[in-house]
Every structure is written in C-alpha cells, then in structure tokens.
Amino acid sequence: MIQRQHANVDLSESLKLFNKHQAPFLTHPSGEIRPALFEGVPEENIYGTFNNFYYWILQYALVNQWIVRSGPYDLDFTWMHPLYSPQFTKPWADKSFKEMFGVSLNDFALCT
C-alpha cells in the first residue's frame, strides 16, 4: 500500500498569493471586460490603469485602421463591452483621436 504524504499548506496564504497574481482584467458573464480589484490597491488606481489601457487599445485600433484600411473607421468595440456600439464609441474615439493627433476622425476624406 502506498502512503501519501500531504503537504502542510496554509490555504489562506495560498489564496492571497493566487489573488495577487490574478489577471488584471476579467470578463463578466454579460461579456463586459472589467478590472480586477486587488487587495491593498486603491480602486481609483485600478480604474485609472484600466481606462488608460483601453484608451491605448482604442488609439492602436484607430491608427491601424488609418494606415492599413480604406473606407470608414470601424468603431464597433462590443468585444470590450456589449454597449460599445459604433454610435456609443464615436464621440469617445473622436475625442481621443483629436487629443492625440489634433484632427478629428471626420476631417479625413475617405477612400473606398
């Protein structure tokens, strides 16, 4: 008969370690991507990081389309949040693009 030895593991310490290394963003069952809240980290810091990350994702997507695609910008970001339809995203995208480059998305003559 094989005897099994059990490790002496502190489960509360294991949970702290697990939570410390969790993914920074989590998918809610509704499909919305939300920031993970970390113990000991102010929520305003977490949400600031989350919002900055997606600001740069938006910038990357717009610049990529500007350089690679012809035609209108695809502003469908429902992959990020179910409510981020092009109608919802357009003012946000236009404002951030104008802050970055000094021109509006509407300033371009689109080629198809």
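Some points to look at:
- Among the criteria (1) loosely packed, with under 11 Cβ neighbours inside 10 Å; (2) more than 25 Å from residue 107 (Cβ to Cβ); (3) over 14 Å from the mean Cα position of the chain (by Cα); (4) not polar (S, T, N, Q), the one residue 41 does not fulfil is (1).
- Where residue 54 falls short, out of the listed (1) in a helix (DSSP H, G or I); (2) loosely packed, with under 14 Cβ neighbours inside 10 Å; (3) modelled with pLDDT under 90: (2)
- Long-range neighbours under 7 Å by Cβ, at least six apart or interchain, first residue touching a residue at least 12 places away in the same chain (Cβ under 8 Å) within segment 55-68, second assigned to a helix (DSSP H, G or I): 55/96; 58/93; 58/96; 59/96; 59/100; 62/93; 62/97
- Those residues of segment 57-75 which are over 21 Å from residue 24 (Cα atoms), of a type outside the set (Phe, Trp, Tyr) and either in contact with a Phe, Trp or Tyr (Cβ under 7 Å, 6 or more places away or on another chain) or surrounded by fewer than 14 Cβ atoms within 10 Å (Cβ to Cβ) (or both), in sequence order: 62, 63, 64, 65, 67, 68, 69, 70, 71, 72, 74
- Residues in segment 1-38 that are within 27 Å of the chain's Cα centre (by Cα) and basic (Lys, Arg) were compared, and the one that is nearest to residue 78 (Cα to Cα) is 34.
- The set of residues in segment 76-112 being among the polar types (S, T, N, Q), over 23 Å from residue 30 (Cα atoms) and out of contact with any Leu (no Cβ under 8 Å at 6 or more places or on another chain) consists of 104, 106, 112.
- Flag if residue 2 is over 21 Å from residue 91 (Cβ atoms) and hydrophobic (A, V, I, L, M, F, W, C): yes
The values are calculated or read from the model by the stated rules, or taken from the named source; none is laboratory data. Worth saying up front: this structure is predicted, and the values here are computed from it rather than measured. Every residue, glycine among them, receives a Cβ derived from its backbone with ideal geometry; neighbour counts consider all protein chains shown.
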